[in-house]
Amino acid sequence: MFKKILIANRGEIAVRIIRAARELGIVTVAVYSEADKESLHTLLADEAVCVGPAKSTDSYLNMNAILSAAIVTGAEAIHPGFGFLSENSKFATMCEEMRIKFIGPSASVMDKMGDKINARSEMLKAKVPVIPGSDGEVFTAQEALEIAQDIGYPVMLKASAGGGGKGIRKVDKKEDLTAAFESASQEALSAFGNGAMYLEKVIYPARHIEVQILGDSFGNIIHLGERDCSLQRNNQKVLEESPSIAIGKTLRGKMGDAAVRAAKAVAYENAGTVEFLLDEASGQFYFMEMNTRVQVEHPVTEFVTGIDIVKEQIKIAAGQELTYQQKDIVISGHAIECRINAENPKFNFAPSPGKVEDLFLPSGGVGLRVDSAMYNNYTIPPYYDSMIAKIIVHGENRFDALMKMQRALYEFEVTGVVTNAEFQLDLISNPNVIAGDYDTSFLMETFLPAYANDKE
């Protein structure tokens, strides 16, 4: 096992990794930007190293500074968390060259799955169903027009290197395609340094279902059931739950098997997530992408399986074999996660950084967890993602979990910054959400317009 690891991240996920490492008896090193000097992760870690100014590109994305911090402190491994460098194959390669273990899959697997065009062709080989679309990169708007004509509108233009909702455009008719192609390609080029595009038929509305997988260096790969992430705003998830109410035992088995086949096709090692779109009308599901890192919503899976995914990541990276087989994985009860962001829902969800003056995080009872890096008098910097906490609950059934989440959101109290907690409470109290009758269109097209009218 590692004696010391460095956490190349910030906020709640850095805190989460530090806690897991400490429980495994591992010394931790935090890196921080000048804006994060007082952040909880820097205070909780055994050592902390400043890696640059506030701007992410100068600090949390500064590979040389992070690797230098690892070498200076004698860290044997680096956990990248999610976002920042977590899916950067160049960084994984640099770690390898420096003989520092990158806690995640290899650079070659990342390249295979991170490039969404490549991932599509790998999935086709592994007999995993993919969404009808282009066979490879689409180079020109003219080429995109021809493919769209063939598969039928609406279509989705996607950046091959994309993530976080960037470089994605939905096109309803051919007149709009050329302009959408140019702007998405440009956006992808400036965000990821790669303007390559591909095209898929829009499966909409659908359920956004993802399957958590774990793979070790001995070729063992298992899945830990699915999460339903269909409640999204602008392609960003808002609330997640496990298991999905839309899936029965047979379909769960099929999707789990497809996810394991997908991971085996690329000899996947560490934690990862295979994302699918489920067309409820036909019962067909399609591979969308693979995330080669731990996900924001991993705690809901931890609650229903009893498996600590972050600890497993560290153990796998340290060369240990999985101690679970597929038959050992039992989904018990129901878990829900609400993302609490420092944003103002009344002003189009504008970010709301500032000083946390009074804070009360929900607690008590069985099956409630809050992952956060906030504390009293902490100033939330304006430079990074607006997520400041995750409230996760586990109940013996879905209704129990919904009631628990309602209780937790009622208790959540913070002054000094505006959050979306009230918005989340309204969402979880919505009759459609209570009934589990929602898909990827629900939040944007049904809930938000009604919410905006109510708040006027």
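Any read-out appearing in this document is the output of simple, stated calculations on the displayed coordinates, not a laboratory observation. Model, not experiment: these values are computed from the prediction. Backbone-built Cβ (ideal geometry, glycine too); neighbour counts: all protein chains shown.
Quick notes on this one:
- In order along segment 330-342, phi translates into HN-Hα couplings of 10, 8, 10, x, 9, 10, 9, 10, 10, 8, 9, 10, 7 Hz, rounded to whole numbers, per the Karplus curve 6.51 cos²θ - 1.76 cosθ + 1.60 with θ = phi - 60° and x for Gly and Pro.
- Calculated on C-alpha atoms, the gyration radius of segment 353-456 divided by its Kirkwood radius gives an Rg/Rh of 0.99.
- Prolate/oblate/rounded call for the chain, Cα gyration tensor, a/c under 1.5 rounded: rounded
- Dipole-positive endmost among 44, 25, 5 within segment 4-103 (Cβ charges, Cα centre): 25
- Each Lys and Arg Cβ is given +1 and each Asp and Glu Cβ -1; about its Cα centre, the chain then shows a dipole of about 760 debye.
- Out-of-range pairs (alpha-carbon distance over 19 Å; input 254/404; 254/311; 90/112): 254/404; 254/311
- Helical runs (DSSP H, four residues minimum) scored at -39500 (n - 2.57) apiece and divided by the length of the chain put the mean residue ellipticity at 222 nm at -10000 deg cm²/dmol.
- For segment 132-201, the Kirkwood estimate of hydrodynamic radius, built from reciprocal distances between every pair of different alpha carbons, is 11.5 Å.
- For segment 207-455, fraction of C-alpha pairs farther apart than 29 Å, in %: 31
- Working note: Cα atoms of segment 57-188, range along each principal axis, descending, whole Å: 57, 35, 20.
- Evaluated with a Cβ-only charge set (Lys, Arg +1; Asp, Glu -1), segment 296-413 carries a dipole of roughly 120 debye about its Cα centre, given to the nearest 20.
- Residues whose amide H lies under 5 Å from that of residue 101, counting only those 5 or more places away or on a different chain, are 77, 78; hydrogens are built 1.01 Å from N in the peptide plane.
- Per-residue packing, averaged as other Cβ atoms within 10 Å, sorts the ranges 325-331, 23-29, 404-410 into the order 404-410, 23-29, 325-331, beginning with the highest.
- Dipole of the chain [Lys/Arg +1, Asp/Glu -1 at C-beta], most positive-end residue of 126, 152, 299: 126
- Pairs of Cα atoms nearer than 8 Å and 6+ residues apart set the relative contact order; for segment 207-455 it is 20 percent.
- Residue exposure sequence - 57, 419, 178 - by fewest surrounding Cβ within 10 Å: 57, 178, 419
- Charge dipole (the chain, unit charges on Cβ, about Cα centre) - positive-most of 107, 387, 165: 107
- Highest average packing first - 375-382, 43-50, 208-215, Cβ atoms within 10 Å: 208-215, 43-50, 375-382
- Distance histogram for segment 4-103 (every C-alpha pair counted, 5 angstrom bins, percent rounded to whole numbers): 3, 16, 28, 28, 19, 6, 0
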